[in-house]
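Undergrad: Could you have a look at this structure, given as structure tokens, before my questions?
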Ligand SMILES: Nc1ncnc2c1ncn2[C@@H]1O[C@H](COP(=O)(O)OP(=O)(O)O)[C@@H](O)[C@H]1O
Ligand SMILES: [Mg+2]
């Protein structure tokens, strides 16, 4: 099998005023690959994710999704946004809509899929994230872990080519973290292309093909999880790992 790069970042730079938040980022993610991004707070992980689906612009360099440069605006941008799904720390569900309505909104409004078909698919996806019985509830009636699984189903409903996760379990009570990681692990096994910012090192070891370590807006180290965790090459990575693995 030849590796197909699905997401490519070439010499990407971004500033927030004086702050050089992304420094010459080069990253290529193949179809079916799971890349976990880790690094200290403020290192630019969220900004990196946000540039990939164009929630943030870049100053220089190129980002390609499926071989196409990121469109600036208009219909092409809407299409890109449906190719690149995103799951945030805060679930961002619409509180006045049921779980099922949250999931069918994008497919019916953006993809113009008939309601009956979108509903069937929505129910299938809820099954997949193991909350089929919650379809007609409102987000506030669900636990945090259930809400985050709805957010994952909502992202999947757009048939994305790649899913970005930005600390999807950081806002959850500890007992709900695993149920969300289990769903993500299923997706990884099924071949979904995923870029995941997380502090869950167990997930990284289990599900990642590659770990990318960022510090100060740079990719400092990239390796297989096994190599990275047992044999980090840089002082920055060693220091970071000693802080997160010992508490
Ligand atoms: N919209 C913004 N305006 C100005 N500075 C920002 C903005 N978003 C993030 N930053 C800064 O950019 C740096 C990287 O932030 P972020 O990408 O959120 O890092 P991480 O996700 O790794 O914690 C931080 O110093 C943060 O304060
Ligand atoms: Mg962040």
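Undergrad: Checking the condition surrounded by fewer than 17 Cβ atoms within 10 Å (Cβ to Cβ) and within 16 Å of ligand 2 (Cβ to nearest atom), which residue from 92, 66 passes?
TA: 92
Undergrad: Which ranges mark the strands (runs of 3 or more DSSP E) fully within the stretch 110-228 that have 1 or more residues being more than 14 Å from the chain's Cα centre (by Cα), more than 30 Å from residue 96 (Cβ to Cβ) and in contact (Cβ under 8 Å) with a residue 12 or more places away in the chain?
TA: Answer list for the stretch 110-228: 210-215, 218-223.
Undergrad: Now for a separate question. Run residue 48 past the list (1) touching a strand residue (DSSP E or B) at 6+ places or on another chain (Cβ under 8 Å); (2) surrounded by fewer than 18 Cβ atoms within 10 Å (Cβ to Cβ) and report the number of the one that doesn't hold.
TA: The number of the failed condition is (2).
Undergrad: Separate question: Suppose we filter the stretch 171-186 for residues that are surrounded by fewer than 21 Cβ atoms within 10 Å (Cβ to Cβ) and in contact with a strand residue (DSSP E or B) (Cβ under 9 Å, 6 or more places away or on another chain); how many remain?
TA: Matching residues across the stretch 171-186 total 0.
Undergrad: When the residues of the stretch 61-100 are narrowed to those that are in contact with a helix residue (DSSP H, G or I) (Cβ under 9 Å, 6 or more places away or on another chain) and without any contact (Cβ under 8 Å) to a residue 40 or more places away in the chain, which ends up farthest from residue 27 (Cα to Cα)?
TA: That would be 100.
Undergrad: Tell me which residues, restricted to the stretch 22-44, are more than 14 Å from the chain's Cα centre (by Cα) and closer than 19 Å to residue 199 by Cβ.
TA: Scanning the stretch 22-44 gives 39, 40, 41, 42, 43, 44.
Undergrad: Checking the condition more than 16 Å from ligand 2 (Cβ to nearest atom), surrounded by fewer than 21 Cβ atoms within 10 Å (Cβ to Cβ) and under 23 Å from residue 191 (Cβ atoms), which residue from 133, 83 passes?
TA: 83
Undergrad: Go through (1) within 13 Å of ligand 1 (Cβ to nearest atom); (2) loosely packed, with under 15 Cβ neighbours inside 10 Å; (3) modelled with pLDDT of 95 or more one by one and return the number of the condition residue 57 breaks.
TA: The single condition residue 57 does not satisfy is (3).
The values are calculated or read from the model by the stated rules, or taken from the named source; none is laboratory data. Bear in mind the structure is a predicted one, so any value in this text is a computation, not a measurement. Note that we place each Cβ from the backbone using ideal geometry, even for glycine, and neighbour counts take in every protein chain shown.
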